[in-house]
Amino acid sequence: PKYLPREDGTPGQSNGVACAAIEHKMGLKASATCQMNFDDSIGWIVGEPGKGMAAMFTMMNTERVSVGIQGLGVGEAAYQAAAWYAKDRIQGRALSGPKYPDQAADPIIVHPDVRRMLMTMRAYNEGCRALSAWVSRALDAEKHSPEPEVRQRASDFIALMTPVVKALFTDLAFDSANLAVQCYGGHGYIRESGVEQYARDARITMIYEGTNGVQALDLVGRKLGAHMGRYLRSFFHPVSAFIEENNVDGPMKPMIEALGKAFGALQLSTATVAQRALKDPEEAGAASADYLRLMGLVAMGYCFAKATKIAGLQLFFGSEDKRFYDAKIKTATFFFERILPQATASFLAIKAGKKSLMALEDDVF
Ligand SMILES: Cc1cc2nc3c(=O)[nH]c(=O)nc-3n(C[C@H](O)[C@H](O)[C@H](O)COP(=O)(O)OP(=O)(O)OC[C@H]3O[C@@H](n4cnc5c(N)ncnc54)[C@H](O)[C@@H]3O)c2cc1C
């Protein structure tokens, strides 16, 4: 407490708790952050001695998922701003000839490179949103399912996905905010446009509640091997069952094949990381960020494939939301063709191991 309580519980003398300074931050300006000093302060233990870390993690795990969602919110806001601007800003003509001949120039949304940026942001946000819905359902099931094995499976899945939600969502949110600045061109660098704030605000989500590097270590170091791989099975089983069930000729075949390939890379990477880490813990650290990204890509791919299946059925049965479902399939197709291939790069980086990371002597840096 700021003041030590008297016997009767009323505030007594000062307890040496003081705010040393309000920090000047890159973003997040509406939330004041300060350095607190506790000079010879008296504290009272909360809970039982020796159980502080466990108590702290109850809060921390909730916070990590929340920060992931915070990132996703910024990423979505950035996308919406960029999509609006790309339709509003006129500059140049489409490569294939004027698309809006009645205007002095075409809106920049006609340019493939601008669409690359918009589609990337859109796919990141939709993929993360779908994954967040899966995790949210598990959070409900963990608390409210009457079946103990459902509660256990949900709890395992949440434990596995917490570092993924935190790190993947916030990494991609910053990428989205950065792309939004690029979509705005010079105007994006000017404060008045508002998008530079998204980039500054998104940046903290990659740092607080444990940096994304620490999330990756949590995934590889604590979650992979937990209970002989039980957490992992809560994710691997539904993905492999879905691939098996849907690996048939039809419009989804290319997606299922791409998902199967990325999932295979994840399975192989899991075995590689587990084996190497037994002999050398630095190998786990060297693989961690790429492994987390690979798992995130597979999880998003699975969500997109499931969404595509539902959207296809909705269109087949003549849904009134034709534009929504059509856009879902087009966004998923973009994800599979232009984002999921990053899984191969992550896999190759994991396979390479720690050697080139650790080769340079410290004093050469
Ligand atoms: C705006 C803001 C608000 C905050 N709010 C709170 C709050 O309310 N409560 C609170 O308790 N804290 C708060 N923090 C602190 C925040 O949680 C930490 O800054 C953050 O967890 C990173 O810790 P650090 O700054 O000590 O970085 P460091 O631990 O020094 O990390 C520096 C770099 O080294 C890497 N690194 C460190 N150790 C390892 C390792 N073992 N293996 C691999 N990589 C490693 C990190 O990933 C990072 O890239 C806040 C920070 C900011 C900026």
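The values are calculated or read from the model by the stated rules, or taken from the named source; none is laboratory data. Remember, predicted model here, so these are calculated numbers, not experimental data. Cβ sites come from the backbone with ideal geometry, for glycine too, and all protein chains shown count toward neighbours.
Okay, here's what the table says:
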quantity	calculated
Residue, surrounded by the most Cβ atoms within 10 Å (Cβ to Cβ), within the range 134-184, restricted to residues that are of a type in the set (S, T, Y) and touching a residue at least 24 places away in the same chain (Cβ under 8 Å)	T170
The range 40-57 residues that are within 21 Å of S14 (Cα to Cα), paired with ones that are modelled with pLDDT of 90 or more and β-branched (V, I, T) (beta carbon under 6 Å, 6 or more apart)	S41/V17
So R191, is it within 12 Å of the ligand (Cβ to nearest atom) and closer than 28 Å to H111 by Cβ	no
Some residue of the range 312-330 being within 21 Å of F235 (Cβ to Cβ) and out of contact with any Leu (no Cβ under 9 Å at 6 or more places or on another chain)	no
Any hit, the range 174-188, residues being assigned to a helix (DSSP H, G or I), within 24 Å of T33 (Cα to Cα) and small (G, A, S)	yes
Selected residue [in the same structural domain as A202 (by TED's automatic domain parsing) and away from the ligand (no atom under 14 Å from the Cβ)] from G47, G43, G75	G75
Some residue of the range 157-179 being within 16 Å of the ligand (Cβ to nearest atom), closer than 18 Å to A226 by Cα, at pLDDT 95 or above and of a type in the set (S, T, Y)	yes
Hits in the range 200-245 - residues which are without any contact (Cβ under 8 Å) to a residue 24 or more places away in the chain and closer than 21 Å to E283 by Cβ	T211, V214, R222, M228, G229
Conditions (1) surrounded by fewer than 22 Cβ atoms within 10 Å (Cβ to Cβ); (2) over 20 Å from the mean Cα position of the chain (by Cα): number failed by T308	(1)
Considering residues of the range 10-25 that are within 16 Å of the ligand (Cβ to nearest atom) and out of contact with any Phe, Trp or Tyr (no Cβ under 8 Å at 6 or more places or on another chain) only, the residue nearest to G43 (Cα to Cα)	C19
Those helices (runs of 4 or more DSSP H) lying entirely in the range 207-323 with at least 2 residues farther than 20 Å from V65 by Cα and within 15 Å of the ligand (Cβ to nearest atom)	281-316
Test: residue in the range 208-215 that is out of contact with any strand residue (DSSP E or B) (no Cβ under 8 Å at 6 or more places or on another chain), more than 23 Å from S269 (Cα to Cα) and among the charged types (D, E, K, R)	yes
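Results for (1) more than 17 Å from A202 (Cβ to Cβ); (2) out of contact with any Lys or Arg (no Cβ under 8 Å at 6 or more places or on another chain); (3) not in a helix (DSSP H, G or I), shown as yes or no for each residue.
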| position | (1), (2), (3) |
| --- | --- |
| A82 | no, yes, no |
| Y85 | yes, yes, no |
| A94 | yes, yes, yes |
| G97 | yes, yes, yes |
| Q103 | yes, yes, yes |
| T120 | no, no, no |
| W134 | yes, yes, no |
| L139 | yes, yes, no |
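Condition check ((1) in the same structural domain as N125 (by TED's automatic domain parsing); (2) away from the ligand (no atom under 16 Å from the Cβ); (3) in contact with an Asp or Glu (Cβ under 6 Å, 6 or more places away or on another chain)) across all residues:
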| position | (1), (2), (3) |
| --- | --- |
| D8 | no, yes, no |
| G27 | no, no, yes |
| T33 | no, no, yes |
| F57 | yes, no, no |
| N61 | yes, no, no |
| R64 | yes, no, yes |
| K87 | yes, yes, no |
| Q91 | yes, yes, no |
| Y100 | yes, yes, yes |
